[in-house]
Amino acid sequence: MNVFIFGGGGDVVSALIPYRQLARRGHVVYLGSVVWERRVEDSIPGPICNDSWREVEVINRWVSLVNEKSYAVRGGRLIIPQIVRVAKALGTKLFSLCLEGGSKGLFTALREISQSHSLDAIIGVDAGGDCNAST
């Protein structure tokens, strides 16, 4: 089974639990995040999208692949989002999802990942509501 698991902001860390469990059971698992940092990390409210990212592989308007060297620039400040820290810990690329397009943009992003990776399931992890946030 091919599965995509994502969380918003810091929930990418919470998404590691089902990610690891499914991987241990032999499933192909991809990890991602709706990238939106807490105010202490990023003083500019709102999603971190392709125009802010550096050192990423842009897939489309709403999706990019983040690696351990990726970072964002917001208001002239360098930001290291949680997804970058997780990518570094895992030694793999992770999917960054942009929420600027609202629910339609998120649907487009998930559909693109689903089609390109022949997904059987998509799991969203949300401990505090940020997966559903908007600007």
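Determine whether residue 45 is out of contact with any Lys or Arg (no Cβ under 9 Å at 6 or more places or on another chain) and either of a type outside the set (A, V, I, L, M) or within 17 Å of residue 113 (Cβ to Cβ) (or both). Don't jump to the end; show me each part of the working.
Values: out of contact with any Lys or Arg (no Cβ under 9 Å at 6 or more places or on another chain): no; either of a type outside the set (A, V, I, L, M) or within 17 Å of residue 113 (Cβ to Cβ) (or both): yes.
Against the criterion (out of contact with any Lys or Arg (no Cβ under 9 Å at 6 or more places or on another chain) and either of a type outside the set (A, V, I, L, M) or within 17 Å of residue 113 (Cβ to Cβ) (or both)), residue 45 does not qualify.
Kindly indicate whether residue 113 is in contact (Cβ under 8 Å) with a residue 60 or more places away in the chain, outside any helix (DSSP H, G or I), out of contact with any Ser or Thr (no Cβ under 6 Å at 6 or more places or on another chain) and surrounded by 14 or more Cβ atoms within 10 Å (Cβ to Cβ). Break it down into steps so the answer makes sense when it comes.
Values: in contact (Cβ under 8 Å) with a residue 60 or more places away in the chain: yes; outside any helix (DSSP H, G or I): no; out of contact with any Ser or Thr (no Cβ under 6 Å at 6 or more places or on another chain): yes; surrounded by 14 or more Cβ atoms within 10 Å (Cβ to Cβ): yes.
Against the criterion (in contact (Cβ under 8 Å) with a residue 60 or more places away in the chain, outside any helix (DSSP H, G or I), out of contact with any Ser or Thr (no Cβ under 6 Å at 6 or more places or on another chain) and surrounded by 14 or more Cβ atoms within 10 Å (Cβ to Cβ)), residue 113 does not qualify.
Filter segment 1-55 down to the residues that are closer than 22 Å to residue 103 by Cβ, outside any loop (DSSP other than H, G, I, E, B), of a type outside the set (S, T, N, Q) and at pLDDT below 95 and list them by number.
Answer for segment 1-55, where residues must be closer than 22 Å to residue 103 by Cβ, outside any loop (DSSP other than H, G, I, E, B), of a type outside the set (S, T, N, Q) and at pLDDT below 95: 7, 8, 11, 12, 34.
Within the set of pairs 6 or more residues apart or between chains, which connect a residue that is touching a residue at least 40 places away in the same chain (Cβ under 8 Å) and surrounded by 16 or more Cβ atoms within 10 Å (Cβ to Cβ) inside segment 51-76 to a residue that is in a strand (DSSP E or B) and among the aliphatic types (A, V, I, L, M) with Cβ atoms less than 8 Å apart?
53/66; 53/72; 56/65; 56/66; 59/65; 62/97; 63/97
Which ones in segment 77-87 are assigned to a helix (DSSP H, G or I), crowded, with 16+ Cβ neighbours inside 10 Å and either in contact with a Lys or Arg (Cβ under 6 Å, 6 or more places away or on another chain) or of a type outside the set (A, V, I, L, M, F, W, C) (or both)? Even if it seems obvious, please write down each step before you answer.
Narrowing segment 77-87 to residues assigned to a helix (DSSP H, G or I): 82-87.
Then keep just the ones that are crowded, with 16+ Cβ neighbours inside 10 Å; that gives 82-84, 86-87.
82, the sole residue that qualifies.
Out of 122, 83, 79, report the one residue that is in contact with an Asp or Glu (Cβ under 9 Å, 6 or more places away or on another chain) and β-branched (Val, Ile, Thr).
Values: 122 fails: in contact with an Asp or Glu (Cβ under 9 Å, 6 or more places away or on another chain); 83 fails: in contact with an Asp or Glu (Cβ under 9 Å, 6 or more places away or on another chain).
Only one candidate passes the filter, namely 79.
The values are calculated or read from the model by the stated rules, or taken from the named source; none is laboratory data. These figures come from a predicted structure and were not determined experimentally. For neighbour counting, all protein chains shown are included, and Cβ atoms are generated from backbone atoms with ideal geometry for every residue, glycine included.
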